[in-house]
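Encoded as structure tokens, the structure appears first; notes follow it.
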Amino acid sequence: MENRQAEILLIEDSLPDVRLTERALKNGTLTKQVSVVRDGEQALAFLRRQGEYANAPRPDIILLDLGLPKKNGAEVLAEIKKDPAFVGNQQKWDTFVKERSGGCGSIVGLPALPVVAFAPL
């Protein structure tokens with residue numbers, strides 16, 4: 001079986017929060033690659049592989065700050081929820097959310113792509 005690294009997309013505009021998140025992720029045992037974008041428009045370009053993000057990896061999970069400049073996290077989420085590339089089995093997703101949502105701001109409904117959304121403190 002292939003041992004592939006997890007692709008994580010961190011959508012966060014605060015450099016101290018980016019550093020803190022990267023440090024927390026570094027301490028885990030999961031092999032991962034973290035990509036960072038700083039606003040909602042960059043996030044959508046990354047996910048759609050547009051412009052400078054044409055060769056961006058498809059993330060396995062998104063860590064989404066809700067308080068972003070340009071397009072806020074709620075707007076980003078609304079955009080990607082409309083995109084057929086990110087729609088999957090809703091029943092399977094609902095089960096995943098019930099089992100895994102404890103302890104984080106929220107895990108929101110993209111069946112084919114888990115998104116952890118958090119609001120600024």
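Report the calculated FRET efficiency for Lys26 and Ala54 (r = Cβ-Cβ distance, R0 = 30 Å), to the nearest 0.05.
0.60
Contour minus end-to-end for Ile61 and Glu41, with contour as 0.36 nm per residue of separation and end-to-end as the Cα-Cα distance? Kindly include the intermediate steps, with their values, before the conclusion.
Details: separation 20, 0.36 × 20 = 7.20 nm, distance 1.80 nm.
Value of the extension gain: 5.4 nm.
Rank by packing, highest mean first: peptides 26-33, 68-75, 6-13, with packing defined as the count of other Cβ atoms within 10 Å averaged across residues. Could the numbers behind the result be given before it?
Details: 26-33: 9.2, 68-75: 17.1, 6-13: 21.0.
So the peptides 26-33, 68-75, 6-13, ranked by packing, come out 6-13, 68-75, 26-33.
A short reminder: the numbers here are calculations on the coordinates, not readings from a lab. Computed from a predicted structure; not experimentally measured. When we count neighbours, we look across all protein chains shown, and the Cβ atoms used for this are built from the backbone with ideal geometry, even at glycine.
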